[in-house]
């Protein structure tokens, strides 16, 4: 996942009331046979010898590794996805073009020059400009983005701004939404006040000497200044130095930057529907990753979970009413570029999208089920939720939103669902070199394959629309 | 700590019988007044506002940082220790010269060239030769050092050997002793069979993409080949690739090596004794560190704990019989070079060393107390153990050994003690960039200051010798 769509604490607080767990027959639009089939799918995904999602994650991270959008590695990812969809027996496998801004990280280095010379571990923020050789400046610390914005104009001329706000850990990942402004808006906020560069404490909950990258968002009205994240221990170190009251001078050397446009692809695999084959239920994850790790939890696992869910429906010889479309989105990390391309290409087909969902908050278990559907469709969501409940998943009404990628179609009026993953550990590794296969619990993947298979199958069986084409347009989640 | 002196599982198994907890008056050589004073020291160290050890650790890691022996940073460490001992009111502060082999790490990089091109995170083993530019070779995996040693001579000509053994976690750190042979003896074992380089899985219990360095030990009868450690996730990755059965070619580029001799110092602070001032109880830690982290748990904390223990005795206006000597050893990491210099310089004074101990197994709590003393001195050890018991420390007879640094004097017949720290977490961070201040629990430091203050004070008050000069000479622990 990139920077958007993580719940604020306030939103999360709205969601305390769980959905009712029993339902009158009149409110049960899905047939008993469909429910029974979904239960079979769920149980099949939970079998101890069912490890397709883990195998796919292992394969993508081992045979391809990092997949920074626009690089040859990402193109190897595209080829991998095409080949895997085909090998898994998907009925239709194809690509759709995505044009994206290529950004490359070549070299990055930082150190304290005085008063206590020490190396600092940093990583450039995604799409940062470089420093054009080493630059040096006195550091001015701010507790958070708001404190920076309150500084006097011109007061930071030639300074290196450092935002030391620490992200808080939570199951929902709400701390991310609270912290990420420093990364997205910090560079332009600092530049407007005259700063020559920005350092932030990594947006992450770990204490590892591995910094977290992620997109920045240069504003049109501010100079583009270089920006990088310090690992949490390095941020501690810098704060400890600054606390002593002497001027702290830092040297920063970032060789990185945008390199024009690149051409790549979303990769799509479909399990063909029967009588409503032209309507689609979309699930998926993103195929690209940041360049520091192997993109295991962000988002090989999400893609693998949903590919495995589709494959399971195929393997059980089910013929759903609607087509189940698994989308491997390209370049989610730069702001949902592939998802925008998909939404543009399918703008005329919003009504044909029954519902869309994405797995992109790590590899840990799903604990809640949310949906953005028309009110009359809620009983179907409740029914799906009843099949999900034995997986430890609670159906909750209101709040939340779709993942980054489906949000592009949701903004055009598509119904959406969110199978919310436990993000407690996710931000320890998110966007770092530590995003590797060893962080993944195979049993947790099984639970999620079960949930996505149930969700996708039953959504395809729903007698009526979930409201796509009737829902509000232009909504930002 | 470096590579020696960590208990094997077999040794640990010998130590199940804890010492008796009550004692006849005839077996209580320490006076009731001494015991009461020691209890006061213990309680003072545990006060919530007593944070000297943490302050010292913070100061050394913030103001100096890494202290690779022979570098200017290590010399800043020497100046820091001299200044701190003086500021803490130590009665005598002085240095003793140490000549050591300087080794420098300049650049290190590795990648899989084929069949799945990916970056690998490696770090050169301490005192490895470089690769003289990038070198390339096919990887041959061995499960452990024994499997490597069993390979046929010449079978590894031009290969890069990879030892994939994973260290096990334990409270005693026993897994280290079982794993570390791959690092110390692996390079020469591989070279004898024709290999051009060695890669090992990091000797560490973590799953972070931060490799563990540490000394290798080139044998005189083998060519010196470059050697590096892969982080645990990178070792996993390489093993996953090799499992596919295709040849895996790795490129390795290590620019590092020895740079002649350097001159440095052990730094010593003393709390003067009274009637037996020419006899010494030595405690301490090592001042040098590896170059990747800030040397917080290895061993700023150990030095800080023992400096704080001495300072506490001074602050409480105690006048111990014997002198309490706190030694900040230089270059423990290359094999106890400073400790050897100390042992050489004080070879004629073994009998004047009442006992020696060192804190060098991280920053977590002490759970056991061991000693190497003559049998008639054991009742004093038992009495000390009774004052340590409320700290959760069990006195155990037999086995174990002194830390790396005191072992040099112990090999000359000095009595020793070991205040054994809980090493459960230590090898997650040991010898990595993750060895930073945030890993330290201030409350755990307080417990250890209490233990060292009690141990040092009561050892100085013991009416008789602990056996130094009568104990076996030449013993290797």
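The values are calculated or read from the model by the stated rules, or taken from the named source; none is laboratory data. It should be emphasised that the depicted structure is a prediction, and the values quoted were computed from it without experimental measurement. Here the Cβ positions follow ideal geometry from the backbone for every residue, glycine too, while neighbour counts run over all protein chains shown.
Here are some notes:
- For region A:229-241, the criterion of being farther than 30 Å from residue A:284 by Cα, more than 14 Å from chain B (Cβ to nearest Cβ) and in contact with a strand residue (DSSP E or B) (Cβ under 8 Å, 6 or more places away or on another chain) is met by no residue.
- Note on region B:391-434: residues that are in a loop (DSSP other than H, G, I, E, B) and under 16 Å from residue B:473 (Cα atoms) amount to 7.
- Residues (crowded, with 24+ Cβ neighbours inside 10 Å, in contact with a helix residue (DSSP H, G or I) (Cβ under 8 Å, 6 or more places away or on another chain) and not in a helix (DSSP H, G or I)) located in region B:168-196: B:173
- Unmet requirement for residue B:75, which otherwise passes all of (1) within 14 Å of another protein chain (Cβ to nearest Cβ); (2) in contact with a strand residue (DSSP E or B) (Cβ under 8 Å, 6 or more places away or on another chain); (3) surrounded by 20 or more Cβ atoms within 10 Å (Cβ to Cβ): (3)
- Among all positions in region A:124-135, there is at least one residue which is more than 14 Å from chain B (Cβ to nearest Cβ), within 23 Å of residue B:433 (Cα to Cα) and touching a helix residue (DSSP H, G or I) at 6+ places or on another chain (Cβ under 7 Å).
- Residue in region A:246-269 that is surrounded by fewer than 21 Cβ atoms within 10 Å (Cβ to Cβ) and free of Cβ contacts under 8 Å to residues at least 60 places away in the same chain present: no
- Test: residue in region A:403-426 that is within 14 Å of chain B (Cβ to nearest Cβ) and at pLDDT 95 or above: yes
- Search result, residues across region A:38-72 that are assigned to a loop (DSSP other than H, G, I, E, B), surrounded by 23 or more Cβ atoms within 10 Å (Cβ to Cβ) and touching a helix residue (DSSP H, G or I) at 6+ places or on another chain (Cβ under 9 Å): A:64, A:65, A:67, A:68, A:69
- Given (1) part of a strand (DSSP E or B); (2) more than 17 Å from the chain's Cα centre (by Cα), index of the condition residue B:326 fails: (2)
- Residue A:287 vs. criteria assigned by TED's automatic domain parsing to the domain that holds residue A:433 and either crowded, with 24+ Cβ neighbours inside 10 Å or modelled with pLDDT of 95 or more (or both): yes
- First in region B:105-119 and under 14 Å from residue B:211 (Cβ atoms) and facing another protein chain (nearest Cβ under 8 Å), second anywhere and in a strand (DSSP E or B) and modelled with pLDDT of 95 or more, Cβ under 7 Å, 6 or more apart: B:119/B:111
- Of everything listed in (1) touching a helix residue (DSSP H, G or I) at 6+ places or on another chain (Cβ under 6 Å); (2) at positive phi, the single unmet condition for residue A:450 is (2).
Each row is one residue, and each column tells you yes or no for (1) closer than 30 Å to residue A:456 by Cα; (2) within 14 Å of chain B (Cβ to nearest Cβ).
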{"residue": "A:243", "(1), (2)": "no, yes"}
{"residue": "A:247", "(1), (2)": "no, no"}
{"residue": "A:255", "(1), (2)": "no, no"}
{"residue": "A:259", "(1), (2)": "no, no"}
{"residue": "A:266", "(1), (2)": "yes, no"}
{"residue": "A:284", "(1), (2)": "yes, no"}
{"residue": "A:302", "(1), (2)": "yes, no"}
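- Verdict on residue B:432 being modelled with pLDDT of 95 or more, crowded, with 24+ Cβ neighbours inside 10 Å, within 14 Å of chain A (Cβ to nearest Cβ) and touching a helix residue (DSSP H, G or I) at 6+ places or on another chain (Cβ under 7 Å): no
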